[in-house]
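To start, the structure itself, in structure tokens.
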Amino acid sequence: MPRIVALFANVAFLAVATTLTLSLTGCEGSIHTAPLPSSTVKLTPNPPVILVAPFDTTTCKWLVSRDGMELVNFKENFQTNFTVQLKTRLEKLAPTEQRWIDDLPNHGWLVTGEFITVDQGSRALRTAVGAGAGETTLQTKVYVYDLSVSKTQYVLAFRTGVPDASGDTGSGSGSAPAGLSALGEPISTGMGLGSGLKLDTTRTCREIEAVLAPYL
């Protein structure tokens, strides 16, 4: 009898622990891990508002010369600065607000995503060698939700910062052809183009705007 009681106690403990873990994951995780987008649903044009939620930093490959708390602070500042700049850029399309993923309205678009690679490169190589040496890299995956359709299922997904994202996109992706950015500009590593994460952030926000603009 004590063995049976102990068995039930262990089962109960595991159930509670699993529930707690899932609960915490749900609170801290990103909604873009929800079901895949529908191939038939398109973004509703002229949204009353575009909400911009911070991009996830947890799965990103951070290639920066920082560690410990300095790295933690760098990630937070990078996430915040990117969100602010993206919000400012998308204001060209519609009224825009910065918003976390809770308490979402029933209409409008939600733009969020995740950082894939943040590589600060080498300023010394960029200065001394050029021709793409030491170039920085910023790659993201973007998820766009039409809140009038679903708050847990994205409608559009695309990548930025890669020459050809066609092999890793969701339905309705606005990915550019190989060798072009979302703005139709050639992707080049020569002459110091795109050097510096600040410039990469600006370019990425412009790419996201360019992909979303045709859906208005």
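Since every read-out is calculated from the coordinates, none of them should be taken as a lab result. Bear in mind the structure is a predicted one, so any value in this text is a computation, not a measurement. So basically every Cβ, Gly included, is an ideal-geometry build from the backbone, and we count neighbours across all protein chains shown.
Numerical summary
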{"quantity": "Formal net charge of residues neighbouring Thr96 (Cβ-Cβ distance under 10 Å; K, R +1; D, E -1)", "calculated": "+2"}
{"quantity": "Full-stretch length increase - Thr40, Asn77 - with 0.36 nm per residue and alpha-carbon distance subtracted", "calculated": "9.6 nm"}
{"quantity": "Lysines whose Cα lies under 25 Å from that of Lys198, excluding same-chain neighbours fewer than 8 positions away", "calculated": "Lys61, Lys75, Lys87, Lys92, Lys141"}
